[in-house]
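Beneath this line is the structure, given in structure tokens, with notes to follow.
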Amino acid sequence: MASRLPLSGQEEEASSSTSSAPSNSDPAHAQRRPSRADDDDDGYDEDGADDLDMFGTNESGADVWAEDPLDQPMSFKRKQKQSILSQPGRLLSVMTGNRLGTSPNTRSPNLSGTSTPSHLPGLDTPTRSNGSGATLNGPKDGLPVDWYVEGPGRRVGYDDLTAIDWIFEYTKERQRLRVLYSSATGIVGYIQQFLDASQIWVILVLTGIAVGALAAAIDVTSDWLGDLKAGYCSSGPDGGAFYLNRGFCCLGYDQGAKCVGWKPWAAALGITSAGGKWFIEYFFFLLLSVTFALCAAILVKEYGIYAKHSGIPEIKTVLGGFIIRRFLGLWTLITKSLGLVLAVASGMWLGKEGPLVHVACCCANLFIKLFPNVNGNEARKREVLSAAAASGISVAFGSPIGGVLFSLEQLSYYFPDKTMWQSFVCAMTAAVMLQAFDPFRSGKLVLYQVKYTSNWHGFELVPFAILGIMGGIYGGLFIKVNMAVARWKKSTNWPIPGPVTQVVMVALLTALVNYPNLYMRAQSSELVSSLLSDCSQVLDDPFGLCKTGAASAGTIVLLLFAAVLGFFLASITFGLQIPAGIILPSMAIGALTGRAVGIIMEIWQHNHPGFLPFASYCDPDTKINCITPGVYAIIGAAATLAGVTRMTVSIVVITFELTGALTYVLPIMVAVMLSKWVGDAFSRRGIYESWIHFNGYPFLDSGDDGSGAQSIPDIPAGQIMTRVEDLVVLTAAGHTMASLRAVLESCPHRGFPVVSDPRDAVLLGYISRAELVYNLRTAAAPPRALPPETECFFGRQPLAADPRTTLDLRPWMDQTPFTLPARSSLHLAASYFQKLGVRYVLFTDRGALVGLLTKKDCWVVLHGLAEDAGDHDDHRRGRAGGFGAAGAGRAREDGEGLEERGLLGRGGGGGGDGDADGDDEPISPGVQRGGIL
């Protein structure tokens with residue numbers, strides 16, 4: 001029976017935790033609780049195919065124990081391999097993939113000459129197909145798995161907003177490969193193995209092609225809609241058409257002002273006065289900006305709530321092992337792409353680089369569904385998504401190598417060597433596809449790719465360092481202001497308008513502020529392209545950045561004014577319910593500041609050429625400018641981006657690939673290094689980690705030395721675990737189906753430890769709520785139709801028990817859970833969660849259960865959220881003292897756990913797309929749930 005001692009409760013590990021991916025080693029090799037069976041018998045039912053007849057008998061009636069192979073002498077000598085030509089039949093077996101004289105369904109005799117029994121009395125092990133026709137019965141030697149002796153247990157599909165079991169998924173994959181390589185021999189076997197190994201590469205190549213095509217379409221469409229705010233391309237002798245943007249309409253003109261095919265709205269309406277022109281063009285700018293933003297907000301709200309924001313915080317959480325269904329679905333992809341085009345065209349201070357990562361992962365997820373072997377394994381799926389994310393940055397910046405490093409440094413939790421190679425292939429394919437489309441008809445992958453002819457000088461390291469410090473200050477202040485706005489909107493008692501109204505209000509404010517300032521009026525990509533340009537190579541200067549003399553003073557003021565206004569507009573824009581990234585706005589603000597500093601340095605050097613640093617490095621007789629303001633712009637852009645995201649290596653590589661000049665790597669590295677140091681002085685979290693923390697996403701970073709390992713208090717894990725007195729535990733015997741249903745109805749917990757009896761409490765295993773509910777439901781349904789008073793067992797059944805009238809739940813129980821001694825340190829327990837990706841750890845003392853710790857407990861401690869997590873349970877206040885995480889053990893006590901509080905569609909107007917299925921509605925294990933759809 002369920003035993004309360006004095007019974008409070010615990011939440012199942014999957015819902016309550018992030019499932020961190022393993023760090024550098026395969027998590028499936030982790031040491032589990034010792035088993036009583038042989039180590040080779042580690043098989044399991046991979047997707048939990050249901051077989052109600054689990055209590056079959058040995059129809060042959062033979063005494064299988066009479067042929068015990070251990071009674072025969074055993075030899076451990078390695079069997080010598082024979083040549084193919086040594087026996088005539090071996091050549092035929094190589095060609096057919098079948099051993100001569102044996103049937104594919106017949107096992108070879110063992111070494112002792114006795115046949116190994118394939119069926120034990122009372123044990124009918126279910127089998128399943130792995131999707132490719134191979135039957136998975138058990139371990140590598142083909143023996144059936146004894147679910148009643150050991151194993152991680154059979155599983156039903158993952159529920160929404162729960163964590164995956166990395167250990168189980170990687171063990172399942174090794175078992176699948178073991179069966180594939182042992183059963184497929186000969187040429188046919190090699191073909192099967194080749195096809196199986198090529199599935200990942202097919203997915204990645206298709207993803208790269210799709211991402212490249214989508215990125216080109218988004219670039220062209222957003223540019224056209226953005227230019228539409230100022231005018232349109234009229235039909236004329238130059239072959240113009242309405243669907244062409246200004247760049248294509250004026251293709252071939254060195255100066256855009258001379259283009260006769262482009263018609264501003266004032267000219268189209270026949271207005272000639274200066275005041276009338278300014279008013280009409282201002283009106284159209286406001287009207288179309290607000291209209292585009294409104295359409296994007298409605299699309300997101302009505303068709304795909306998961307398409308809002310950049311998506312990178314959610315992708316990091318998903319790659320960490322959390323299930324968010326529909327986040328990478330088809331509707332999300334469509335909504336994100338269309339909404340991104342409209343949001344960028346509205347002129348709001350947002351970017352498309354981050355959302356393109358989300359688009360890339362959506363494309364990869366759709367192609368994954370074509371291959372059941374990959375789609376059926378959540379761990380392999382996340383490896384593919386990590387590789388696909390690199391293609392999003394590759395097409396956003398035209399930087400394939402930078403995309404790989406971005407995925408490694410910012411997104412991925414588990415990034416083995418093979419994933420890096422896969423990321424490179426996907427990023428390269430996407431970049432080649434984008435180059436083939438050539439959306440700007442300039443041979444550039446992105447609009448703001450530049451080339452510099454002059455070199456930098458030693459004295460310029462000082463202003464470069466100043467730009468780095470300014471970038472760190474900007475990043476720290478931006479995160480604080482942006483999160484303060486988000487917290488105010490969430491906690492204020494004032495009547496705040498709805499999300500669509502908020503978007504319209506911010507779009508209107510942005511348009512009102514942008515139009516009077518020439519630099520803010522332009523599209524962000526066009527502005528950054530002009531700021532990074534070298535005046536010696538510019539033919540058209542629409543922004544007046546190459547002015548000299550006294551005219552440059554006004555340029556400096558406008559640049560700095562635009563940077564300050566852009567800072568505040570970006571702070572209130574990032575977080576609205578539209579597709580919006582923060583990478584390009586940060587680069588634009590940094591480039592504005594850097595260009596202003598560069599112009600100041602240029603004026604200083606021009607007016608005081610005899611100043612010692614200038615006289616030492618600059619030749620007054622040469623016609624080449626000693627100072628290149630564009631270099632300062634790109635260094636300022638890299639510094640602000642580092643201050644916001646806290647990335648380092650990937651930003652340096654991305655910037656290098658944008659400029660194509662290896663000589664500027666050193667000043668960029670100096671600026672990025674200083675920016676990160678200054679930003680870390682404000683907060684250890686970047687903008688994406690701050691939003692993960694704000695939304696309550698259950699994410700633990702195995703490599704985080706800030707809010708991770710360094711903040712773990714040096715205390716025993718027993719101070720924050722849920723003690724056995726507060727757990728709901730199940731005993732091995734004494735249950736009926738009715739009593740188990742009563743336990744499920746009385747508490748929302750998603751898992752229960754199983755002990756031998758209430759007095760000794762010897763740990764036997766752990767069973768999740770989903771598996772328990774599924775078994776009770778299927779046992780009560782035909783053909784078994786067991787009555788409510790049917791006895792249920794989690795341990796060995798009594799000899800008098802009839803298997804046909806009882807319910808044995810051992811096959812569905814994890815009989816080898818991760819355990820630690822009761823006095824283990826919290827550091828060790830946190831390492832289990834961070835490095836191995838486990839969902840829960842049970843603590844024992846000489847085999848007796850003493851407590852339970854879930855990943856949510858560890859997450860609460862590391863992130864200091866105890867004040868939020870402890871609101872659900874008052875009777876355990878003060879359980880853990882003085883380290884800022886009191887009551888961490890309470891975090892899992894509510895079925896609607898902490899991780900669901902900030903998730904999309906949970907209590908925040910998320911709508912139907914975000915709602916999770918009920919916890920009591922597990923599907924058949926034969927139909928694995930789509931983890932992230």
Please verify whether Ala396 is assigned to a helix (DSSP H, G or I), within 17 Å of Ala427 (Cβ to Cβ) and at pLDDT 95 or above, treating the condition exactly as stated. no
Tell me which helices (runs of 4 or more DSSP H) are completely within the stretch 588-688 and hold 2 or more residues being small (Gly, Ala, Ser) and touching a helix residue (DSSP H, G or I) at 6+ places or on another chain (Cβ under 6 Å), or say none if there are none. 629-645, 665-682
Taking Val513, is it buried (at least 19 other Cβ atoms within 10 Å of the Cβ), hydrophobic (A, V, I, L, M, F, W, C) and touching a residue at least 24 places away in the same chain (Cβ under 8 Å)? no
Reported set for the stretch 237-271 where residues are modelled with pLDDT under 85 and on the phi > 0 side of the Ramachandran plot is Gly239, Gly252
Filtering the stretch 744-776 down to residues that are assigned to a helix (DSSP H, G or I) and surrounded by 15 or more Cβ atoms within 10 Å (Cβ to Cβ) yields Leu744, Arg769, Ala770, Glu771, Leu772, Val773, Tyr774, Asn775, Leu776
Matching residues in the stretch 376-404 - criterion: being closer than 22 Å to Pro585 by Cβ and surrounded by fewer than 24 Cβ atoms within 10 Å (Cβ to Cβ): Gly398
Go through the stretch 779-887 and tell me which helices (runs of 4 or more DSSP H), entirely inside it, have 3 or more residues that are modelled with pLDDT under 75. 866-869
For the condition out of contact with any Leu (no Cβ under 7 Å at 6 or more places or on another chain), farther than 27 Å from Ala427 by Cα and of a type in the set (A, V, I, L, M), what is the one hit in Leu666, Leu612, Leu662, Leu658? Leu612
Residues located in the stretch 260-284, provided they are of a type in the set (A, V, I, L, M) and part of a loop (DSSP other than H, G, I, E, B): Val260, Leu269, Ile271
Residues that are of a type in the set (D, E, K, R) and either under 25 Å from Val425 (Cβ atoms) or part of a helix (DSSP H, G or I) (or both), drawn from the stretch 158-210: Glu169, Lys172, Glu173, Arg174, Arg176, Arg178, Asp196
If you scan the stretch 335-393, which residues turn out to be in a loop (DSSP other than H, G, I, E, B) and among the charged types (D, E, K, R)? Lys352, Lys369
Between residues in the stretch 758-784 that are more than 17 Å from Pro817 (Cα to Cα) and residues that are of a type in the set (Lys, Arg), which pairs lie under 7 Å by C-beta distance while being six or more apart or on different chains? Leu776/Arg741
When the stretch 252-279 is examined, which residues are found to be more than 45 Å from the chain's Cα centre (by Cα) and buried (at least 16 other Cβ atoms within 10 Å of the Cβ)? Cys259, Gly261, Ala266, Ile271, Lys277
What number of residues within the stretch 507-564 satisfy the criterion of being part of a helix (DSSP H, G or I) and touching a His at 6+ places or on another chain (Cβ under 9 Å)? 0
For Leu531, which of the numbered conditions (1) closer than 20 Å to Val644 by Cβ; (2) under 31 Å from the mean Cα position of the chain (by Cα) fails to hold? (2)
Can you tell me which of Leu350, Leu338, Leu328 is among the aliphatic types (A, V, I, L, M) and within 17 Å of the chain's Cα centre (by Cα)? Leu328
Pick from the stretch 516-532 the residues that are buried (at least 19 other Cβ atoms within 10 Å of the Cβ) and free of Cβ contacts under 8 Å to residues at least 40 places away in the same chain: which of them is farthest from Leu288 (Cα to Cα)? Ser530
Taking only pairs six or more apart or across chains, which ones have beta-carbon atoms under 7 Å, a first residue in the stretch 631-648 that is in the same structural domain as Arg685 (by TED's automatic domain parsing), and a second residue that is of a type in the set (D, E, K, R) and crowded, with 24+ Cβ neighbours inside 10 Å? Tyr632/Arg595; Ala633/Arg595
Using beta carbons and a limit of 6 Å, which pairs, at least six apart or on different chains, have the first residue in the stretch 321-346 and on the phi < 0 side of the Ramachandran plot and surrounded by fewer than 24 Cβ atoms within 10 Å (Cβ to Cβ) and the second one among the acidic types (Asp, Glu) and in a loop (DSSP other than H, G, I, E, B)? Arg325/Asp160
Kindly check whether there is at least one residue in the stretch 457-474 that is at pLDDT 85 or above and not in a helix (DSSP H, G or I). yes
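The values are calculated or read from the model by the stated rules, or taken from the named source; none is laboratory data. Everything numeric in this text was worked out from a predicted model, so none of it was measured. FYI the Cβ positions are ideal-geometry reconstructions off the backbone, even for glycines, and counts take in every protein chain you see.
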